[in-house]
1. Restricting the stretch 467-478 to residues that are open to solvent by 60 Å² or more (accessible area, probe 1.4 Å) and within 30 Å of the chain's Cα centre (by Cα), which is modelled with the lowest pLDDT?
2. Being of a type in the set (D, E, K, R) and out of contact with any strand residue (DSSP E or B) (no Cβ under 8 Å at 6 or more places or on another chain) is the requirement here; does Lys537 meet it?
3. Tell me which of these Tyr816 doesn't satisfy, since it passes every other one: (1) of a type in the set (Ser, Thr, Tyr); (2) open to solvent by 10 Å² or more (accessible area, probe 1.4 Å); (3) at pLDDT 95 or above.
4. Can you tell which of Ile104, Ile97 is of a type outside the set (S, T, N, Q), crowded, with 19+ Cβ neighbours inside 10 Å and more than 30 Å from the chain's Cα centre (by Cα)?
5. From the list Val302, Val298, Val254, pick out the single residue that is within 30 Å of Gly99 (Cβ to Cβ) and either open to solvent by less than 10 Å² (accessible area, probe 1.4 Å) or part of a loop (DSSP other than H, G, I, E, B) (or both).
6. For a quick check of your reading: which strands (runs of 3 or more DSSP E) sit entirely within the stretch 111-171 and have at least 2 residues that are open to solvent by 20 Å² or more (accessible area, probe 1.4 Å) and at pLDDT below 85?
7. Just give me the residues in the stretch 172-207 being assigned to a strand (DSSP E or B), open to solvent by 30 Å² or more (accessible area, probe 1.4 Å) and in contact with a Lys or Arg (Cβ under 8 Å, 6 or more places away or on another chain), in sequence order.
8. Could you grab me the full set of residues in the stretch 384-439 that are in a helix (DSSP H, G or I) and closer than 19 Å to Asn498 by Cα?
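The values are calculated or read from the model by the stated rules, or taken from the named source; none is laboratory data. All of these numbers come straight from a predicted model, not from anything done at the bench. Because the Cβ atoms are built from the backbone with ideal geometry, glycine has one as well, and the counts that use them run over all protein chains shown. Please note that ligands, DNA and RNA were not included when accessible areas were found on the heavy atoms of the full protein model with its side chains. Shrake-Rupley method; radii C 1.70, N 1.55, O 1.52, S 1.80 Å.
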Amino acid sequence: MKLLMEFGCVFMILFAIVLYGKAEVYIVTVEGEPIISYTGGIDGFEATAVDSDEKIDTMSESVTSYARHLENRHDMLLGLLFDRGTYTKLYSYRHLINGFAVHISPEQVETLRHAPGVKSVERDWKVKRLTTHTPQFLGLPTSVWPTGGGCDRAGEDIVIGFVDSGIYPHHPSFTTHNTEPYGPLAKYRGKCEVDPKTKRSFCNGKIIGAQHFAQAAIASGTFNPLIDFASPLDGDGHGSHTASIAAGRNGIPVRLYGHEFGKASGMAPRARIAVYKALYRLFGGFVADVVAAVDQAVHDGVDILSLSVGPNGPPAATKTTFLNPFDATLLGAVKAGVFVAQAAGNGGPFPKSLVSYSPWIVSVAAAIDDRRYKNHLTLGNGNILAGLGLSPSTHLNNTYTLVAANDVLLDSSVMKYSPTDCQRPELLNKNLIKGKILLCGYSFNFVVGTASIKKVSETAKALGAVGFVLCVENVSPGTKFDPVPVGLPGILITDVTNSKELIDYYNISTPRDWTGRVKSFKGIGKIGDGLMPILHKSAPQVALFSARGPNIKDFSFQEADLLKPDILAPGSLIWGAWSLNGTDEPNYEGEGFAMVSGTSMAAPHIAGIAALIKQKHPRWSPAAIKSALLTTATTLDRAGNPILAQQYSETEALKLAKATPFDYGNGHVNPKAALDPGLIFDAGYRDYLGFLCTTPGIDFHEIKKYTNSPCNRTMGHPYNLNTPSITVSHLVRTQVVTRTVTNVAKQETYVMTARMQPAVAIEVNPPAMTIKAGASRKFTVTLTVRSVTGTYSFGEVLMKGSRGHKVRIPVQANGYSR
């Protein structure tokens with residue numbers, strides 16, 4: 001009755017409103033606690049909140065009845081405000097935030113904004129994908145899997161949820177043939193959708209849940225069921241790839257074109273996979289669908305969330321990076337005990353290019369591992385030109401005649417079809433090409449995806465060529481070229497100077513008549529074997545595309561007192577499962593595996609390793625798992641030198657520079673050490689609220705809007721959040737920073753040392769401390785400005801334990817005079 005009276009006046013006004021304008025999707029939050037934080041107080045509904053980091057019993061009567069109550073209130077609010085048929089409610093968010101997604105007109109938006117009980121109304125915004133060998137590179141088979149019972153048990157009974165583009169369930173990385181059967185898992189309550197065509201379930205025990213979320217995409221008019229699939233089926237390839245990196249079966253042969261490139265395995269090959277499809281082929285996805293997917297995943301009982309997704313741009317109405325429906329939902333997930341790994345973004349190497357900001361999320365940067373694929377072309381004059389080519393060699397020591405595509409056209413009129421791209425065999429003269437090496441040009445069409453190396457190979461094969469060469473004649477500085485597996489001998493000459501040398505040799509060797517027509521082809525060459533990788537000790541390096549810090553607290557790019565990214569993991573040229581329907585990479589259409597790059601590939605590495613830690617330490621909080629990963633990370637490459645980061649030089653050519661924490665966070669992941677970190681820096685929901693409440697510029701009304709919690713400023717400063725790093729973006733005179741460590745091993749004495757670049761003095765106290773098993777101790781780090789340089793100074797606090805544990809946290813501070 002009270003609710004009817006509250007909304008009654010608005011209901012009366014509505015009859016006078018004539019609706020017009022284009023409807024769009026909006027995410028609305030309303031007053032009242034979500035399930036995760038409801039402590040009681042409403043007659044007839046028991047409390048549903050749990051202590052921080054604990055799982056909710058989503059099947060209990062108290063939770064299900066309160067969930068129905070929230071959804072009824074959402075429906076009643078909309079029903080009172082708007083006529084039936086003038087709006088479409090897409091989702092009710094009940095578990096992590098209290099609100100809903102609705103498709104309404106601009107005029108209805110204004111009505112909703114001013115309605116009693118409505119806290120925020122934000123227009124939905126788009127998200128995008130942030131797009132083997134790595135288990136060995138990370139030492140998992142020899143150092144980590146044996147501690148969990150071997151690869152057959154690594155990740156047992158841990159559920160990893162993937163909010164991505166779905167899954168191709170028939171891929172051998174996800175099937176259950178020749179494996180010990182997967183039994184039921186009582187803690188997981190997710191659904192399994194059925195393929196609308198075959199009527200078969202998408203689940204098989206290994207895949208334990210499969211659902212799709214597309215209501216916002218449908219409402220926006222961008223969803224096409226013919227190519228996007230109204231099911232969990234992966235129409236892109238990206239989702240299958242990320243799932244296989246984290247939890248794909250062990251020892252799956254990676255075969256393309258008759259060659260085996262090795263055996264693929266996920267980080268936690270026995271972990272269960274729960275699929276929450278919210279990304280699609282052509283348009284990416286929408287936050288309203290992603291929030292619904294995360295909300296459902298936490299309700300279903302996942303342990304880990306892997307998010308290879310980030311926003312296309314800032315939300316329309318939110319200034320603060322940490323406060324929007326997406327990050328607030330992830331805060332709720334962490335409060336419910338779910339570890340969240342998110343791709344840091346692919347906007348590197350530029351500063352402040354991150355798309356993952358919040359302290360409750362683990363933001364993952366991408367590394368190049370130790371594998372490089374190179375090839376070479378030997379010309380008839382003896383010159384050897386380097387290039388890329390994941391292909392077999394031409395026959396033994398034979399040399400073959402070179403023919404350029406523009407010299408073997410069937411008709412000069414076909415020039416309008418860009419025939420030098422070698423994408424259409426019907427444009428070229430097969431009689432002149434058969435038995436020869438076809439020379440093609442790498443045009444802008446390859447950059448935008450309308451041409452592919454795979455298609456060049458198919459064209460050359462159809463015309464009877466023994467191989468092909470792609471020449472890059474013009475290139476934007478810093479352009480990244482990846483090797484592509486092909487069945488025919490082939491090479492991409494990426495260096496413009498080498499391409500010019502090849503073209504000069506070809507022209508000198510190819511006599512022509514006065515019209516320019518070729519008299520005879522006399523240039524010869526042979527293509528080397530590019531199938532075997534070269535292993536480099538300079539790995540890992542920070543990939544050029546990997547997004548960089550410093551972190552920002554608002555979309556005016558004001559710097560935050562929080563280090564991001566958090567950690568570095570392999571993300572360049574990663575082999576993984578692919579969907580036969582996959583279109584994300586044109587070079588891998590129709591293939592079962594793909595080798596792709598992106599922080600999208602780095603995040604599931606961390607999700608899978610987190611599953612191994614969760615398996616060994618099932619009661620650890622998300623912050624404890626994060627701390628274990630970060631404090632044990634390494635800043636050295638395999639040769640023992642400081643990790644380098646790919647950057648642009650002044651001429652925009654590629655160069656290597658010594659990496660900083662703004663490139664790699666705490667460093668490159670070290671799974672073996674992370675299983676036994678010695679000390680952890682723990683934090684929970686109230687700590688994250690303290691961080692928000694003490695961050696300058698954040699309106700406490702905005703914090704309450706998204707968290708339903710009043711502010712507590714006892715933390716003093718945001719840099720006192722108990723993270724395994726220290727960042728002071730505006731250091732004036734002297735600041736004292738506090739941290740608390742908890743011993744998760746046996747009693748141990750730690751010696752504390754600190755070092756810093758000269759512009760900032762650093763001191764750690766106490767210089768040593770003995771900590772009993774399970775006990776916690778505080779220590780302080782004092783930072784003092786020595787000189788104002790206008791840039792950050794970097795350093796570290798190192799804790800060396802008497803039992804061999806090493807705990808390291810990076811320190812970065814920017815000194816100011818006032």
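1. Narrowing the stretch 467-478 to residues open to solvent by 60 Å² or more (accessible area, probe 1.4 Å): 473-477.
Adding the requirement that they be within 30 Å of the chain's Cα centre (by Cα) leaves 475-477.
Details: Val475: 70, Ser476: 65, Pro477: 57.
It comes out as Pro477.
2. Details: of a type in the set (D, E, K, R): yes; out of contact with any strand residue (DSSP E or B) (no Cβ under 8 Å at 6 or more places or on another chain): yes.
Yes.
3. (3)
4. Values: Ile97 fails: more than 30 Å from the chain's Cα centre (by Cα).
Unique residue meeting the criteria: Ile104.
5. Result of the check over Val302, Val298, Val254: Val302.
6. Values: elements: 118-123, 126-129, 159-164.
Those strands (runs of 3 or more DSSP E) span 126-129.
7. As a first pass, look at the stretch 172-207 and keep what is assigned to a strand (DSSP E or B): 192, 194, 201, 207.
Right, trim to open to solvent by 30 Å² or more (accessible area, probe 1.4 Å) and you get 192, 194, 201.
Matches in the stretch 172-207: Val194 only.
8. Filtering the stretch 384-439 down to residues in a helix (DSSP H, G or I) leaves 405-407, 412-417, 419-421, 425-427, 430-433.
Listed by number, the residues that qualify are Ala405, Thr420, Asp421.
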